[in-house]
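The values are calculated or read from the model by the stated rules, or taken from the named source; none is laboratory data. Computed from a prediction, not measured in an experiment: that's the story for all the values here. Cβ: placed from backbone, ideal geometry, glycine included. Neighbour counts: every protein chain shown.
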Amino acid sequence: MQILTRVTVTSDRLRGIALPGLWAAMLLVSPVQAADMAAAEQQAQTLCAACHGPQGISSNPLWPNLAGQQEAYLAKSIKDYQSGARNDPSMSPIAQMLSEQDIANLAAYFSAK
C-alpha cells in the first residue's frame, strides 16, 4: 500500500522563497547602474528634444511621444535601432552614439515623465 502525502505551499510561503531569489537574480543579471536622471535630462535636451519635444511630447505626428512610455519598451526600441532591427534615417545614427548606460538613463527619464 502506497501512502501519499499532500504538501500545501501557501502563497505567503512561496512569496517568502521566490521574491528574495528573484531580487537577487535581477541584481546579478542587470549590467546597468541606476539611472542618472541629470545626465539623461541633458542628453534628452541635446539629442531628443528637436523631434520628440523638450518634455518627450512630440508636436509632429510623424515622431512618437516618449513621455510616459514603458522603460523597457524605450530601451528595447533604442537597442533595435542600434542593431538594425528597426531602421530610421534620423533615429538609427543617434542610437549608434548611445552607450548601454545612456539608453538606461534615457529610458528611465522619459518613462518617468
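For segment 83-93, the candidate set comprises residues that are touching a helix residue (DSSP H, G or I) at 6+ places or on another chain (Cβ under 6 Å) and closer than 15 Å to Leu47 by Cα; within that set, the residue that is surrounded by the fewest Cβ atoms within 10 Å (Cβ to Cβ) is Ser92.
The set of residues from segment 94-106 being touching a helix residue (DSSP H, G or I) at 6+ places or on another chain (Cβ under 7 Å) and polar (S, T, N, Q) comprises Gln96, Asn105. Filtering segment 94-113 to residues that are among the polar types (S, T, N, Q), without any contact (Cβ under 8 Å) to a residue 60 or more places away in the chain and surrounded by 18 or more Cβ atoms within 10 Å (Cβ to Cβ) leaves only Ser111.
Within segment 62-75, the set of residues being exposed (fewer than 15 other Cβ atoms within 10 Å of the Cβ), modelled with pLDDT of 95 or more and either out of contact with any helix residue (DSSP H, G or I) (no Cβ under 8 Å at 6 or more places or on another chain) or part of a helix (DSSP H, G or I) (or both) comprises Ala72, Tyr73.
Within segment 23-59, track down each residue that is assigned to a helix (DSSP H, G or I), modelled with pLDDT under 80 and surrounded by 10 or more Cβ atoms within 10 Å (Cβ to Cβ). Answer for segment 23-59, where residues must be assigned to a helix (DSSP H, G or I), modelled with pLDDT under 80 and surrounded by 10 or more Cβ atoms within 10 Å (Cβ to Cβ): Trp23, Ala24, Ala25.
Within segment 58-89, the set of residues being in contact (Cβ under 8 Å) with a residue 12 or more places away in the chain and more than 14 Å from the chain's Cα centre (by Cα) comprises Trp63, Pro64, Asn65, Tyr81, Gln82.
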